[in-house]
1. Of the residues that make up the stretch 415-429, is at least one of a type in the set (D, E, K, R), under 29 Å from residue 320 (Cα atoms) and at pLDDT 95 or above?
2. Would you mind finding the one in 230, 235 that is assigned to a strand (DSSP E or B) and either surrounded by 15 or more Cβ atoms within 10 Å (Cβ to Cβ) or modelled with pLDDT under 95 (or both)?
3. Give 134, 145 a once-over and let me know the one that is touching a Ser or Thr at 6+ places or on another chain (Cβ under 6 Å), at pLDDT 95 or above and in the same structural domain as residue 68 (by TED's automatic domain parsing).
4. Would you mention how many residues in the stretch 168-185 are out of contact with any Ser or Thr (no Cβ under 8 Å at 6 or more places or on another chain), at pLDDT 90 or above and farther than 23 Å from residue 404 by Cα?
5. How about the stretch 352-397: which of its residues are within 13 Å of residue 424 (Cα to Cα) and of a type in the set (Ser, Thr, Tyr)?
6. So which residues in the stretch 266-289 are among the acidic types (Asp, Glu) and either closer than 21 Å to residue 307 by Cα or in a strand (DSSP E or B) (or both), if there are any at all?
7. Exactly one of these conditions fails for residue 197: (1) modelled with pLDDT of 95 or more; (2) crowded, with 21+ Cβ neighbours inside 10 Å. Give me its number.
8. Which of the residues that make up the stretch 387-402 are in contact (Cβ under 8 Å) with a residue 60 or more places away in the chain and either closer than 16 Å to residue 362 by Cα or over 22 Å from the mean Cα position of the chain (by Cα) (or both)?
Amino acid sequence: MVGEMVSEWGALMPGDRWRRRRPGAQSARYALGLVLVVAGASVGACTDDGGTGPGTIQLQRVSGDGQRAAPGRVLPELLTVKMVDGRGRPVRGERVEWGATNGVVTPIEEVTNDKGLSTARWKVGDRAGRDTAFAKSVKSATVQFAAQVDESAKDGVIALAVETYDGSGQAVHPDHVWLPTGWKDATQALLATPYPFGNASFENPSFYAGVDGDSWFVPTGLTNPIVRPSSGYLSDPDALYDPASGKILVYYRQVASENRIWLTRSSDGVRWDEPELVASAPNHEIISPTVVRRAPTDWLMWSVNAGSEGCTSASTTVELRRSTDGVHWSTAEPVSLDQPEGFAWHLDVEWIPSRNEYWAVYPLKTAGDCTTRALYFATSPDGIHWTTYASPLRSRGAIPEMMDVVYRSTIDYDATSDEVTLWYSGASYEGTAYVWHLARERLPLGAVLTRISTLTADRALPAPRGPAFTNETAP
């Protein structure tokens, strides 16, 4: 569902609704002794490592310092500190106090975990300048963080941080959906799958809620992923809101002995129904399903057919299935989405009511390879006949996090502001593996149309620095 709505929740502070983890078990406290000094009657605190006096327990700044953001935005990287004892060993179970001179700092792990870490999210202030935040505890000195608040940061691609259940923070294949007014504490949701260093065994659909489109949190009570495979791996989630049932619907693909498309539903984002099998085909003939609900009896599903060779196929075909209930689907029919520069790979399709047309965004694969380098845009009045553009909407290298790959992305249009928002996924090859990230870009529709209409030399881009994807390594 494409969100062209104005929500009453828009003025609420997202930080007030961030999930806080429950404190873990308290660690054994350091043995304390009272040393009576007759001459001065002084008292000193001893720790189990032999150190005495203040400074034995320290907070160390780990990450999050020196970031840049537009006024009122959430910084993409978490603020992280580590508490250690006099021998540099992690101290767990200690509460860390977070705060800021401007904006709002919201703890995610307020009590240090087994590694001694405490983390928080920082939404900077509403004015340009230099903001500072801090972390402290009763046992340590204060650690400070600084951020540059800059009006110019509104433009461009901004990396996003999400909390993945595997702990890597690496994710791929985002899909965005608006939620109705009154849906708990969020106005929108994002589906994504963890993909740490290209490990498909973690690639299971995960659910995030949000308010501003930049900061995403795991709803209280939910433990991601929302589904796990019985065999093979899960991938390619696509979500929509069904007003008839009042539920979020998530379609996703299981890759095992064949491609299987499953559907799970939730009325609160926390409890999810038993998955239902809705479509299947030989590998790899239903890739990246994307579903639009036009009316209670008018449902459409597009997907990519790459044949038995998948990633190494010479070409792909985009296909359309129809349904009257979102569960039972027709046989596939090919659509005319032709791109001279390559072949559509993982795609997202949205219906844009104010323009009375479908929009599609998709990266292109080349013959024999699906290590995609750019994202393209197309429009259609009927979902079958598509107008494509020679120039990409976004090429790899826009930010370091997408230096080598631009992959499946999702798009939204706000008719009131005439603004397009894109949530990207992409990767940078670092050392021996691809590292995966999510990112966000907002720009006026006019800028989108200018970008795709301006001829570029995308085909001259050099190949990514890492190895080509295979069916096992492609997300």
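1. Scanning the stretch 415-429 turns up no residue that is of a type in the set (D, E, K, R), under 29 Å from residue 320 (Cα atoms) and at pLDDT 95 or above.
2. Every option except 235 fails the conditions.
3. Sole residue among the options that is touching a Ser or Thr at 6+ places or on another chain (Cβ under 6 Å), at pLDDT 95 or above and in the same structural domain as residue 68 (by TED's automatic domain parsing): 134.
4. Residues in the stretch 168-185 being out of contact with any Ser or Thr (no Cβ under 8 Å at 6 or more places or on another chain), at pLDDT 90 or above and farther than 23 Å from residue 404 by Cα: 2 in total.
5. Answer for the stretch 352-397, where residues must be within 13 Å of residue 424 (Cα to Cα) and of a type in the set (Ser, Thr, Tyr): 362, 372, 376, 395.
6. 276, 285 - these are the residues of the stretch 266-289 that are among the acidic types (Asp, Glu) and either closer than 21 Å to residue 307 by Cα or in a strand (DSSP E or B) (or both).
7. So residue 197 meets the others, but not (2).
8. 389, 390, 391, 392, 394, 395, 396, 402
The values are calculated or read from the model by the stated rules, or taken from the named source; none is laboratory data. Predicted model only: the values in this text are computed from it and were never measured. Heads up, the Cβs are rebuilt from the backbone with ideal geometry, glycines too, and the neighbour counts pull from every protein chain shown.
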